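Read the structure below first, then the notes.
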């Protein structure tokens, strides 16, 4: 009997110990979850934010500018008490402008680095596969440079682009062309775009507007994003003798096109590129300051002097850290900074890091950024953004259309090359 009673006692002790152990495990897990998601239990552990950027490859110039924007935003937040009272820590990986690598990068950020939040990469090409990975793990995916239409047609509920929807980028340029007096209005246009979901849709929309307005298309080409393809395309545009030239480009190809145009003495009355001329110092160094004169680029509402939320502080911080002049700041910097602003405002409002709650908040509220107001539709596109037309004039990139934001009238026709 004594042995039986003793055995029962030991069993009771083990059961109690097991129950206590299970209870402590549950409490510990709940405490860790609460600390992670609420950020209100006194934790000072950094909030980990992960992203992948193109530090090499075709998008490297833009990737560098995005890195600057993300870093400036993090520095501002940490200097003002952090997020939810905790410092933010950025985890950056390099995707080499490669869609396969960007998938690997975001999987690592989520499953190995266990980041709390995700920011997007640069370009529609990389945003598409990266957003799928984020969706698989239930993360909100806020980005500033992945606005191609194909990003928003896949039924994903977790993606949010803080910038102007890409397809509308060249709308202001097309409307400005058609606003010119008939005696001055160009009659022909040439179009050439990289085979990229970011660039091609912009030209498609602009071409439709211009053709409907009577501007005849004399050349239209989609080309591979390879250096060997640039010169033949530029020569074909020269031979088309178009009065207006519209290009779906990044920095490398618009630089190559402009070099060929100078050599061939082809000077269109108006020249616009979807990206490249917005790269500030890098564009000036590549083509020469005098040859920037008269070149157009679309913009989603940002310029150094824009009276937008925290813009003056961002510009001041950029100049203090990286030097240069305000006009040399890439608009990519603002796009990246705006990503951080939107995420910070949404997290502050929900007071936790729960990505499901964050996604719900992003879909339901309005936000303020250096680019202007942000309001997402059901697909994640910013319906509050406006398309502006910018032009290089006398060494500065300034808004010239519409009249409500213009700092000067557009130069037309474009001055000759130097």
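Any read-out appearing in this document is the output of simple, stated calculations on the displayed coordinates, not a laboratory observation. Bear in mind that the values here come from a model prediction, so they are computed numbers and not experimental data. In this analysis, Cβ positions are derived from the backbone assuming ideal geometry, glycine residues included, and neighbour counts consider all displayed protein chains.
Can you tell me which of 348-356, 123-131, 70-78 comes out highest on packing, and rank the rest after it, using the mean Cβ neighbours within 10 Å? Let's see the in-between values first.
Working: 348-356: 16.0, 123-131: 25.2, 70-78: 19.9.
My ranking of the peptides, most packed first, is 123-131, 70-78, 348-356.
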Going by how many other Cβ atoms sit within 10 Å of their own, how do 164, 203 line up, fewest first?
-> 203, 164
Taking only Cα atoms of the range 91-158, the Rg to Rh ratio with Kirkwood Rh works out at 0.92
Applying 1/(1 + (r/R0)^6) with R0 = 60 Å to the Cβ-Cβ distance of residue 239 and residue 80, what FRET efficiency is obtained, to the nearest 0.05?
-> 0.60
Cα-only Debye scattering, the chain: base-10 log of I(q)/I(0) at q = 0.08, 0.11 Å⁻¹ = -0.46, -0.80
Part-to-part distance (alpha-carbon centres) for the range 308-335 and the range 114-186, which is given in Å = 22 Å
Quantify how much of the Cα-Cα distance distribution of the range 203-343 extends past 26 Å, in percent.
-> 33 percent
Residues 67, 335, 226, sorted so that the one with the fewest Cβ neighbours within 10 Å comes first | 226, 67, 335
Across 10 Å bins beginning at 0, the whole-percent shares of Cα-Cα pair distances in the range 234-315 come to 16, 47, 25, 9, 3
Treating the angle as unsigned and between 0 and 90°, give the value, to the nearest 10°, between the Cα long axis of helix 355-364 and the longest Cα principal axis of the chain.
-> 40 degrees
If each residue's Cβ is checked for other Cβ atoms within 10 Å, how do 401, 390 rank with the fewest at the top?
-> 401, 390
By how many degrees, 0 to 90 and rounded to 10, does the Cα axis of helix 200-212 deviate from the longest principal axis of the chain?
-> 40 degrees
Percentage, to the nearest whole number, of Cα pairs in the range 287-380 over 15 Å apart = 66 percent
Taking only DSSP H segments of four or more residues, each worth -39500 (n - 2.57), what value at 222 nm results for the chain once the sum is divided by all its residues, to the nearest 500 deg cm²/dmol?
-> -14500 deg cm²/dmol
For the range 349-418 and the range 236-299, what is the separation of their Cα centres, given in Å?
-> 22 Å
Report Rg (one decimal) and Dmax (nearest whole number) for the range 152-264, counting Cα atoms only, units Å.
-> 15.3, 49
